[in-house]
Amino acid sequence: MLEYHNIEQHQEFLEGYKYIQTVSYMYLINNLISFDPFNLKDDEKLTRAEFMGKNINDIPNSCEKTTVLKNIWKQSKKIRRAKSFEDIQSAEISKIVTMYESLREKNIVANKQISKEESMQTWYYIQPLQMM
């Protein structure tokens with residue numbers, strides 16, 4: 001905030017930042033369920049729980065993918081419970097998002113040539129897992 005917007009008193013933005021980060025983690029987890037670049041082994045319990053909209057913490061650790069997803073959600077706990085921006089600054093948290101984005105950029109190829117504006121107007125509904 002200080003570097004880009006010259007705002008020194010940024011505590012008032014904490015709740016919005018936590019919300020954006022939480023939603024980003026939920027998006028990451030839901031993407032890993034549907035478009036897994038790691039080819040993690042999943043099972044019927046995870047697939048069924050996702051279809052039913054179950055809370056991720058209520059799913060048994062019955063497969064590799066469930067365990068990874070739960071660990072990612074656990075890592076985001078520090079952000080969700082933060083009381084200040086200092087509480088949020090964690091290299092481990094940013095590593096997860098950076099690693100996933102890097103893999104996604106390298107492995108996902110568009111099958112159509114469309115503009116960014118056109119692609120942003122396309123909406124898909126995916127039933128997300130409940131995270132809270």
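Every number in this text was worked out from the coordinates using simple rules, so none of it is lab data. Note that the coordinates shown come from a computational prediction; the quantities given were computed from them, not determined experimentally. All Cβ positions, glycine included, derive from the backbone under ideal geometry; neighbour counts span all protein chains shown.
What the table shows:
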{"quantity": "Qualifying chymotrypsin sites (Phe, Trp or Tyr not before Pro) for region 23-80 [loop in DSSP, other Cβ within 10 Å: at most 10]", "calculated": "Phe35"}
{"quantity": "Positive minus negative residues near Glu44 (Lys, Arg vs Asp, Glu; Cβ under 15 Å)", "calculated": "+1"}
